[in-house]
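A.B. asks: Shown below is the structure under consideration.
Any read-out appearing in this document is the output of simple, stated calculations on the displayed coordinates, not a laboratory observation. The model shown is predicted, which means the values in this text are computed figures rather than measured ones. Neighbour counts run over all protein chains shown; Cβ positions are idealised from the backbone, glycine included.
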Amino acid sequence: MVCVVLNVWRGRPRPRNLTTTQPPVPTDSARVCRVVVNEGKNLNTSTTMTTAKPAFDETQSCWSCGAPRPIHFCEACGKVQPPASVDYFTFFRLPRKLNLDVPALEKDFYDLSRKLHPDLNARAGGKDTGGKEQEKENEQEWSLQQSSQLNDAYRTLKDPIKRTQYLLQLEGVELEEQSKTATEQARSTGQLKKQIVPPDLLEEVFELNMQLEELRMHKKMGEDDPALIDEIGRQKLELEEKQEALLQELKTRWKMWDGMIQREHNGQPVSEEERRQERDKMVDILNRRNYIRNLVRDVSEVLEN
Ligand SMILES: [Zn+2]
């Protein structure tokens, strides 16, 4: 699987030919890597992982000294390694769980950022004398690529919603596109935006959508309607509370998910049905929350214009 590193490393232009085997890109579930994660730290519970499958292909060895290589650096000689094709959890050596220790993740991120600094790794090749220019260049490029992976992984995992969406994509779930871009695209092309909104939620916000339409009309005609603005403003606050409540609800689902993953690691069977149910519950919460988030955004737009 070959993906292109899309982001720019700290404002530097992306070098040409920066293609590599990459971890899955969050917006494209078709390219999701399926990697068994169980190596290393479990930051959330005191239970030790019992299964011993490698987090990535550990038959790989260090390009420089031949020692078995970990994901980022060789432990034997310290040389930076070519980027491994791993998912974001594996990149941080985390199990595929949702309730993760964000301060610890942040610490790991800064630690790795320092170690993967391309300037630093230009120096790393310099320990040897002469004839090592190519190695130096390679290491610098790999540092750049790994830094890019690192930034993407961190940005995705530190955010509770992005993390959940990413995990669901790893699980093969295709999430509905409800972004602002999708909304604007739908508006400009007149196409129906692909989204799944639970009918009860639509019913709940039906009145508000009507009022919004009414206010848009008033504004177009240059008319003022303070009572309607007050009413819509009040409902906006309620929506924001609901959005927060849904995040809390999502976090309770995390516990169920993580518990299930832990049981699996402990060798207890987890049925595909149970897995599917847990996924569906999280997808439902995310769909509701996304819809409400977009509605809040629409309300703000109409109120501010
Ligand atoms: Zn080595």
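A.B. asks: Checking the table 115/255; 219/242; 158/236; 107/162 against a 29 Å threshold on Cα-Cα, which pairs fail?
C.D. replies: 115/255
A.B. asks: Could you state the orientation-averaged shadow area of the convex hull built on the Cα atoms of the range 241-305, in nm² to one decimal?
C.D. replies: Hull-based average projected area comes out at 4.7 nm².
A.B. asks: Could you point to the residue in 268, 248, 287 farthest towards the positive end of the range 196-304's charge dipole, with +1 and -1 charges on the Cβ of Lys/Arg and Asp/Glu respectively?
C.D. replies: 268
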